[in-house]
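Novice: This is the structure I want to talk about, given as structure tokens.
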Amino acid sequence: MDFQPLLDEIVHRLAPEAGREGAVARYIPALARIDPRHFGIALRTGAGEEATAGDGGVRFSIQSISKLFTLTLAMRHLSEDALWSRIGREPSGNPFNSLVQLESEHGKPRNPFINAGAIAVADRIVGLYGRDAKSELLAFMSHLAGEPIGFDPEVAASEAATGYRNYALANFMKSFGKLDHDVDTVLDFYFHQCALSMSALQLARAAGYLCRDGAHPCNPGEQVVTERQARRINALMLTCGTYDAAGDFAFHIGLPCKSGVGGGIVAVVPDRLTLAVWSPALDATGNSLLGTRALELFAQRTGLSIF
Ligand code: GLN
């Protein structure tokens, strides 16, 4: 199937509305000044066909979409026990940066896609690679995307300068003995992963293993993760990937998704394709407002859904 006309139509219909509703993330200047009129979409099929429309080739701050890739990196190298003894697999039903459950649940985050969970994953990655953790993440992302991927240093620095809640979450987990490494080192890694800069097309490529039973997006014969691990990541995306809107995403879109406050969303159609959208204005749950609408439209038009 040629998806290009559909992506063109989605851009034609939705791009004129970009910036009319919702608001860009304002907690750091580098995100607050992004023009909310950007709108991009891109996809890559399991067989390697690509389509992109609008700003699909423009890099943006992937923010929490990075949680998908750090989880993948951790799953590649850690035993199930080592990873899941410290992190749950249940939807939180709370905002992504909420502190409330951590206390009653003794410092064990609900899932790897809320901030606390991603910080716990970051602790594991720092344990794997030490000082090289950030460069290993860049190498992994570049290997997946098939071209060099970098951090936006301004975003990384302002994440650190304003990361009061993330410091609170990390210190809280540390107080429960649930982080092995020091808070500053773990958060330095976490703030950099949030600052990865990628386009929708690069994201659709990089996430390609999720629609290929774990096989590398373009290297024949290379498994990024096992088939079972790829299924599990998709299951977590469906139940937890869009925070307290995960139920609505499953209801309206019916695909595993992972969002970020930079306005990006990655969606997976298992055994078919990966799709990424970018529109910076967010709704109240921190998910891209028009990005969500674009995914809904795509699912309606193609009839693609996991259900
Ligand atoms: N940098 C943001 C934070 O740590 C990422 C949140 C997100 O994209 N949902 O809160």
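The values are calculated or read from the model by the stated rules, or taken from the named source; none is laboratory data. All figures in this text were calculated on a predicted structure; none of them were measured in a lab. Using ideal geometry, Cβ is built from the backbone for each residue, glycine included, and neighbour counts are taken over all protein chains shown.
Novice: Considering each residue of the range 275-288, count those that are over 14 Å from the mean Cα position of the chain (by Cα), assigned to a loop (DSSP other than H, G, I, E, B) and in contact (Cβ under 8 Å) with a residue 12 or more places away in the chain, and give that number.
Specialist: 5
Novice: Taking residue 171 as the residue in question, decide whether it is among the polar types (S, T, N, Q), touching a residue at least 12 places away in the same chain (Cβ under 8 Å) and within 13 Å of the ligand (Cβ to nearest atom). Quick ask: steps written out before the conclusion?
Specialist: Details: among the polar types (S, T, N, Q): yes; touching a residue at least 12 places away in the same chain (Cβ under 8 Å): yes; within 13 Å of the ligand (Cβ to nearest atom): no.
So residue 171 does not fit the description; no.
Novice: Being closer than 18 Å to residue 295 by Cα, of a type in the set (A, V, I, L, M) and within 16 Å of the ligand (Cβ to nearest atom): is that true of residue 65 here?
Specialist: Values: closer than 18 Å to residue 295 by Cα: yes; of a type in the set (A, V, I, L, M): yes; within 16 Å of the ligand (Cβ to nearest atom): yes.
Yes; evaluated as a whole, the condition is true for this residue.
Novice: Next up: Pick from 127, 117, 88, 107: which is within 21 Å of residue 164 (Cα to Cα), away from the ligand (no atom under 15 Å from the Cβ) and either small (Gly, Ala, Ser) or in contact with a Cys (Cβ under 8 Å, 6 or more places away or on another chain) (or both)?
Specialist: 107
Novice: Can I ask one more? Among the residues in the range 140-153, are any more than 15 Å from the chain's Cα centre (by Cα), over 27 Å from residue 276 (Cα atoms) and surrounded by fewer than 23 Cβ atoms within 10 Å (Cβ to Cβ)?
Specialist: No, that holds for no residue.
Novice: Okay, next question. Pick out the one residue from 302, 292 that is polar (S, T, N, Q), more than 13 Å from the ligand (Cβ to nearest atom), at pLDDT 95 or above and within 18 Å of residue 39 (Cα to Cα). I'd like the intermediate steps shown before the answer.
Specialist: Numbers: 302 fails: within 18 Å of residue 39 (Cα to Cα).
Selected residue: 292, the only one of 302, 292 that is polar (S, T, N, Q), more than 13 Å from the ligand (Cβ to nearest atom), at pLDDT 95 or above and within 18 Å of residue 39 (Cα to Cα).
Novice: Next question. Could you run through the range 245-260 and say how many residues are outside any loop (DSSP other than H, G, I, E, B) and in contact (Cβ under 8 Å) with a residue 60 or more places away in the chain?
Specialist: Taking the range 245-260 as the starting set, the residues that turn out to be outside any loop (DSSP other than H, G, I, E, B) are 245-252, 257-259.
Subset that is in contact (Cβ under 8 Å) with a residue 60 or more places away in the chain: 246-247, 258-259.
Final tally of qualifying residues: 4.
Novice: Determine whether the range 135-143 contains at least one residue that is more than 30 Å from residue 46 (Cβ to Cβ) and acidic (Asp, Glu). First the steps, then the outcome.
Specialist: Within the range 135-143, the first condition is being more than 30 Å from residue 46 (Cβ to Cβ), and the residues that meet it are none.
Within the range 135-143, not a single residue is more than 30 Å from residue 46 (Cβ to Cβ) and acidic (Asp, Glu).
Novice: Shifting gears a bit: Can you pull out the residues in the range 215-244 that are at pLDDT 95 or above, surrounded by 15 or more Cβ atoms within 10 Å (Cβ to Cβ) and part of a helix (DSSP H, G or I)?
Specialist: Result: 229, 230, 231, 232, 233, 234, 236, 237, 238, 239, 240.
Novice: On to the next question. Quick one: count up the residues across the range 175-187 that are in contact with a His (Cβ under 9 Å, 6 or more places away or on another chain) and part of a helix (DSSP H, G or I). Quick ask: steps written out before the conclusion?
Specialist: Applying the first criterion (in contact with a His (Cβ under 9 Å, 6 or more places away or on another chain)) to the range 175-187 yields 176, 178.
Still in the list and also part of a helix (DSSP H, G or I): none.
Residues meeting the conditions: 0.
Novice: Kindly indicate which of 229, 193 is away from the ligand (no atom under 16 Å from the Cβ) and of a type in the set (S, T, N, Q). Write out each step before concluding.
Specialist: Numbers: 193 fails: away from the ligand (no atom under 16 Å from the Cβ).
Testing whether each residue is away from the ligand (no atom under 16 Å from the Cβ) and of a type in the set (S, T, N, Q) leaves just 229.
Novice: Return the pairs, sorted by first residue and then second, in which the second residue is within 15 Å of the ligand (Cβ to nearest atom) and not in a loop (DSSP other than H, G, I, E, B), the first residue lies in the range 83-106 and is without any contact (Cβ under 8 Å) to a residue 40 or more places away in the chain, the beta carbons are less than 6 Å apart, and the residues are 6+ apart or on different chains.
Specialist: Close Cβ pairs satisfying both conditions: 87/117; 87/120.
Novice: Any residue in the range 152-165 that's over 15 Å from residue 97 (Cβ atoms) and more than 8 Å from the ligand (Cβ to nearest atom): show its pairings with residues that are hydroxyl-bearing (Ser, Thr, Tyr) and part of a loop (DSSP other than H, G, I, E, B) at Cβ separation under 9 Å, as long as the two are six or more apart or on different chains.
Specialist: 158/27
Novice: If only one of 40, 22, 57, 46 is within 16 Å of the ligand (Cβ to nearest atom) and over 30 Å from residue 186 (Cα atoms), which one is it?
Specialist: Numbers: 40 fails: within 16 Å of the ligand (Cβ to nearest atom); 57 fails: within 16 Å of the ligand (Cβ to nearest atom); 46 fails: within 16 Å of the ligand (Cβ to nearest atom).
From the options 40, 22, 57, 46, the qualifying one is 22.
Novice: In addition: Looking at residue 18, is it crowded, with 20+ Cβ neighbours inside 10 Å, among the aliphatic types (A, V, I, L, M), touching a Phe, Trp or Tyr at 6+ places or on another chain (Cβ under 9 Å) and at pLDDT below 95? First the steps, then the outcome.
Specialist: Values: crowded, with 20+ Cβ neighbours inside 10 Å: yes; among the aliphatic types (A, V, I, L, M): yes; touching a Phe, Trp or Tyr at 6+ places or on another chain (Cβ under 9 Å): yes; at pLDDT below 95: yes.
Yes, satisfied.
Novice: Give the residue that is nearest to the ligand (Cβ to nearest atom), with candidates limited to residues of the range 261-274 that are part of a loop (DSSP other than H, G, I, E, B) and buried (at least 24 other Cβ atoms within 10 Å of the Cβ). Explain how you work it out, then say what you get.
Specialist: Restricting attention to the range 261-274, the residues satisfying the condition of being part of a loop (DSSP other than H, G, I, E, B) are 261-263, 270-272.
Subsequent filtering for residues that are buried (at least 24 other Cβ atoms within 10 Å of the Cβ) retains 261-263.
On the way: 261: 4, 262: 7, 263: 9 Å.
Going through the qualifying residues, I end up with 261.
Novice: Right, something else. So which helices (runs of 4 or more DSSP H) are wholly in the range 38-130 and hold at least 2 residues that are modelled with pLDDT of 95 or more, within 15 Å of the chain's Cα centre (by Cα) and crowded, with 17+ Cβ neighbours inside 10 Å? Can you show your working first?
Specialist: Values: elements: 66-77, 80-84, 100-104, 115-129.
Filter on the range 38-130 gives 66-77, 115-129.
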